Amino acid sequence: MTQPVRFGLIGAGGIGAYHRAAIEAQQSAGAAQLVAVADPWADRLASQKAELEARGVRWHLDYREMLQLETGLDAVVIATPIPFHYDMAMACIARGLMIHLEKPPVPMLSQFEELIAADSSQSISVGFQMIGARCTQLLKQAISEGRLGEVRHIRAAGCWPRLDNYYARASWAGKMTLDGAPVFDGPITNAFAHLVNNVMYFAAEDRDEFAIPEEIEGELYRARPIESYDTAVLRGRFASGIDFAVAVTHATEALRPFSMDVLGTKGWARLTEDGAKLESNIGLTCDCPQTTQQLLDINYLNFIDVITGRSDRFTTRLADTRGYVSATNAMLLSSGGIHDIDAAHARKYQHDAETGYDVAGLSAAVEETFATGRLFNEQGCPWASTKPRPIRLPLDHAISLT
């Protein structure tokens, strides 16, 4: 009988609670054991700490202490804020552990390259759990089987309003850096990061592979007075001839669940309702809402299968995210930084005593990009103050967030 995979969890609050639940679900099935947790916020998480310690799970205030003392670990989950991913992943690689790294992997391409160089055993799985969604998998299968013909265009769009409490929840929210560490927080590099990663997935013909674009254009804006951005449009092209466009924002009052279109020479397919539904003109349909917890559970099945030898490939390896990291870094270069949306074009609104921002015409601009691939400045949006320059990939130099 295969021994359960012994897990250490770095980060028990926020998304870490979902990871803990996924580990415990596998523990109930005899496939995993949560051995230790590392989180400095023991006071905030006192009830969770007491519960875990009563079950024999050890709690450490510092992840480095956990890595030093917990010599029996097989794998570590890094479910912490973005600016900590790089150092923690490097420390876990040095220990020779298997690593489940929450998305996005790291904000900067230079960090990504250093992790790739250090991770010679390809031990890192990245938690882009939307890849495992039922509708996503059905669409990818149809692409790899040629049912859509040659893919020509991929489009994605979404508007998820965010209020004051979203940006007040953590010291890194809405930041480009935190204490000198890169963050690059924003809709396309955090909340909607799955969309960009899915673009790379759907642009690759082989069943398990991800493509890397060769050219990127992007525009980054902020309506809210933050350091980073809350509105983005990204356009790119692959060597295969496929083009793509993604438009997302946190600066509308109206919610628009994300959707994705894949258009081929033989047909089209569309994901809607934040990926829960799939429709097409080739007879391919799916209506399968899945929660974050359910998607993480699927992700952990794959992670454990690779560790125990039942599978030879993580659903999303670190190397698979090269397209995502390259595209988002090139987007910042193309945009020439982040541009303020004049207050004359951004209305404040109130919801449950929290303030949000609604940019005039932004919802329509997102729909236009989804339909045609046109960037915001090409649509003549009065607040679209930048004309991006095309950036060729791979990048030949590191970029700075300061």
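The values are calculated or read from the model by the stated rules, or taken from the named source; none is laboratory data. In this text the structure is predicted, and so the values were computed from the model without any measurement. Note that each Cβ is placed from the backbone with ideal geometry, even for glycine, and that neighbours are counted across all protein chains shown. The accessibility values were calculated without ligands, DNA or RNA, using every heavy atom of the protein model including side chains. Shrake-Rupley method; radii C 1.70, N 1.55, O 1.52, S 1.80 Å.
For the range 144-159, name all the residues that are more than 20 Å from residue 274 (Cα to Cα) and in contact with a helix residue (DSSP H, G or I) (Cβ under 7 Å, 6 or more places away or on another chain).
The initial filter retains those residues of the range 144-159 that are more than 20 Å from residue 274 (Cα to Cα), namely 144-152.
Within the range 144-159, 148, 151 meet the criteria.
Within the range 229-276, track down each residue that is free of Cβ contacts under 8 Å to residues at least 60 places away in the same chain and of a type in the set (A, V, I, L, M, F, W, C).
Those that are free of Cβ contacts under 8 Å to residues at least 60 places away in the same chain and of a type in the set (A, V, I, L, M, F, W, C): 238, 239.
Mind listing just one residue for me: the one in the range 376-385 that is of a type in the set (S, T, N, Q) and out of contact with any helix residue (DSSP H, G or I) (no Cβ under 6 Å at 6 or more places or on another chain) and, of those, surrounded by the most Cβ atoms within 10 Å (Cβ to Cβ)? Full working, then the answer.
Start the filter on the range 376-385 by keeping residues that are of a type in the set (S, T, N, Q), which leaves 377, 379, 385.
Next cut, out of contact with any helix residue (DSSP H, G or I) (no Cβ under 6 Å at 6 or more places or on another chain) only: 377, 385.
Details: 377: 17, 385: 14.
Among them, the one singled out is 377.
I'd like the full set of residues that are under 14 Å from residue 58 (Cα atoms) and either in a loop (DSSP other than H, G, I, E, B) or open to solvent by 40 Å² or more (accessible area, probe 1.4 Å) (or both), limited to the range 14-42. Walk me through it before giving the result.
Taking the range 14-42 first, the residues under 14 Å from residue 58 (Cα atoms) are 20, 33-40, 42.
Of everything in the range 14-42, those that are under 14 Å from residue 58 (Cα atoms) and either in a loop (DSSP other than H, G, I, E, B) or open to solvent by 40 Å² or more (accessible area, probe 1.4 Å) (or both) turn out to be 33, 39, 40, 42.
Going through the range 43-60 one residue at a time, which ones are closer than 26 Å to residue 190 by Cα and surrounded by fewer than 19 Cβ atoms within 10 Å (Cβ to Cβ)?
Taking the range 43-60 and keeping what is closer than 26 Å to residue 190 by Cα, we get 44-45.
Answer for the range 43-60, where residues must be closer than 26 Å to residue 190 by Cα and surrounded by fewer than 19 Cβ atoms within 10 Å (Cβ to Cβ): just 44.
Can you pull out the residues in the range 351-367 that are open to solvent by 50 Å² or more (accessible area, probe 1.4 Å) and touching a strand residue (DSSP E or B) at 6+ places or on another chain (Cβ under 8 Å)?
Passing the criteria: 360, 367.
Could you tell me which of the residues 38, 42, 29, 17 is touching a helix residue (DSSP H, G or I) at 6+ places or on another chain (Cβ under 6 Å) and under 24 Å from residue 124 (Cα atoms)?
Working: 42 fails: under 24 Å from residue 124 (Cα atoms); 29 fails: touching a helix residue (DSSP H, G or I) at 6+ places or on another chain (Cβ under 6 Å); 17 fails: touching a helix residue (DSSP H, G or I) at 6+ places or on another chain (Cβ under 6 Å).
Among 38, 42, 29, 17, only 38 is touching a helix residue (DSSP H, G or I) at 6+ places or on another chain (Cβ under 6 Å) and under 24 Å from residue 124 (Cα atoms).
Mind checking which residues of the range 168-211 are among the β-branched types (Val, Ile, Thr) and either at pLDDT below 95 or buried (at least 19 other Cβ atoms within 10 Å of the Cβ) (or both)?
Start the filter on the range 168-211 by keeping residues that are among the β-branched types (Val, Ile, Thr), which leaves 177, 183, 188-189, 196, 199.
Listed by number, the residues that qualify are 183, 188, 189, 196, 199.
Which helices (runs of 4 or more DSSP H) does the range 262-376 wholly contain that include 2 or more residues that are touching a Leu at 6+ places or on another chain (Cβ under 9 Å) and among the hydrophobic types (A, V, I, L, M, F, W, C)?
Working: elements: 292-307, 322-335, 362-372.
Of the helices (runs of 4 or more DSSP H) lying wholly inside the range 262-376, those with at least 2 residues that are touching a Leu at 6+ places or on another chain (Cβ under 9 Å) and among the hydrophobic types (A, V, I, L, M, F, W, C) span 322-335.
It is to be established whether one or more residues within the range 67-90 are touching a helix residue (DSSP H, G or I) at 6+ places or on another chain (Cβ under 7 Å), over 24 Å from residue 17 (Cβ atoms) and either part of a helix (DSSP H, G or I) or not aliphatic (A, V, I, L, M) (or both). Spell out the reasoning first.
Taking the range 67-90 and keeping what is touching a helix residue (DSSP H, G or I) at 6+ places or on another chain (Cβ under 7 Å), we get 67, 74-80, 86, 88-90.
Filter once more, so that each one left must be over 24 Å from residue 17 (Cβ atoms): 90.
Next cut, either part of a helix (DSSP H, G or I) or not aliphatic (A, V, I, L, M) (or both) only: 90.
Yes: the range 67-90 contains one or more residues that are touching a helix residue (DSSP H, G or I) at 6+ places or on another chain (Cβ under 7 Å), over 24 Å from residue 17 (Cβ atoms) and either part of a helix (DSSP H, G or I) or not aliphatic (A, V, I, L, M) (or both).
For the range 97-132, give me each residue that is in a loop (DSSP other than H, G, I, E, B), within 14 Å of the chain's Cα centre (by Cα) and under 25 Å from residue 32 (Cβ atoms). Spell out how you get there, then give the answer.
Kept after step one, since they are in a loop (DSSP other than H, G, I, E, B), are these residues of the range 97-132: 97, 103-108, 119-123, 128.
Filter once more, so that each one left must be within 14 Å of the chain's Cα centre (by Cα): 103-108, 128.
The answer is 103, 104, 105, 128.
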